[in-house]
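Here's the structure we're looking at; comments come further down.
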Amino acid sequence: MSFSFETKNELCRLPVQRKCCAQAEAYGILLYCHTFSSSEVRIITENPNFAARLPRLFQRAFDLGFDRQPDSANPPPGKMVFQISAGEKLDHIIDLLGYDPRQSLALHINFAMVEEECCRAAFFRGCFFAGGSVTDPSKRYHLELTSSHLQASRELEVLLRESGYPPKSVARNGSSVTYFKQSDQIEDFLTLIGAPVAAMRIMSAKLEKGIRNSVNRRLNCDSANLDKAVEAAQSQGAAIRKLEAAGRLKELPDKLRETAALRLEYPELSLSELAETFDPPVTKSCLNHRLRKLVELAEGL
């Protein structure tokens, strides 16, 4: 089951209550469904929960039923078709949405239908039901709303911007796609339309990715530091052996000779660990100073 499917299932659990919100949600579905014209409404879905919601929604919104719909008792597998073709029903819907049934139906958003915040959220929900999808957040962050009606898509983008959700848009295969790629925008949008559980899953996925990336950076940093420590120890050992071969080691002060002996004896130890082997122990800063002095002396030979 895809993340989109689960998100729409969550939305389907929302009750169909206020008539204005039911009309706004149905309006979004009509603008983003397969067909909405003065001669036909055709909504196609594979989601049985959405299929169960549609008749209740349209009854509440428009006081009418579909002319064709799948058997609710035994819904068929695969695509399910909901259709309205009766002229009087279509005229009733068109009139309620603020269009003139006597004129050709131009699919654009009637902003008067979505003035209230609750109705606007319901409208966005309808658009997502019919033309939306959201990617599994464990893979990437992407939510899109796809419509074949360019004008409606442009006006949806304006409406989203007014609501504080600035989307991006692109043309794809003859359709207009409004989309989000920022995880926080997707979280806010899903919460607005009534899917807080899906929004929380995105937050959790983002947190998990952040922790994983932090651990990887820490491991990479530790590995780089270890490589530097090994390289430094090798360089120090080579310098000490060079001094020894030249007979200069025995001429050095006792503290430097002691440092050289312990470095050769424990080449694998870090500076902190090597400093603890002295009697009494020395500080890391002191040991680092002595080793630098030995390297400088070897370089001067």
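The values are calculated or read from the model by the stated rules, or taken from the named source; none is laboratory data. Everything numeric in this text was worked out from a predicted model, so none of it was measured. Every residue, glycine as well, gets a Cβ built from its backbone with ideal geometry; the counts of neighbours run over all protein chains shown. These area figures cover heavy atoms from the full protein model, side chains too; ligands, DNA and RNA do not enter into them. Shrake-Rupley method; radii C 1.70, N 1.55, O 1.52, S 1.80 Å.
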Take the residues of region 102-148 that are over 29 Å from ALA199 (Cβ atoms) and open to solvent by less than 50 Å² (accessible area, probe 1.4 Å): which is modelled with the lowest pLDDT? LEU105
Can you name the residue in region 43-83 that is touching a Gly at 6+ places or on another chain (Cβ under 7 Å) and open to solvent by 70 Å² or more (accessible area, probe 1.4 Å) and, of all such residues, is nearest to ARG18 (Cα to Cα)? GLN59
Which one of these is touching a Phe, Trp or Tyr at 6+ places or on another chain (Cβ under 9 Å) and of a type in the set (Gly, Ala, Ser): SER138, SER175? SER138
Go over the candidates ALA224, ALA238, ALA198 one by one and state the one that is surrounded by 14 or more Cβ atoms within 10 Å (Cβ to Cβ), among the hydrophobic types (A, V, I, L, M, F, W, C) and assigned to a helix (DSSP H, G or I). ALA198
Select, from LYS255, LYS250, the only residue that is part of a helix (DSSP H, G or I) and within 15 Å of LYS293 (Cβ to Cβ). LYS255
Within region 84-97, is there a residue that is hydroxyl-bearing (Ser, Thr, Tyr), open to solvent by 40 Å² or more (accessible area, probe 1.4 Å) and at pLDDT 90 or above? yes
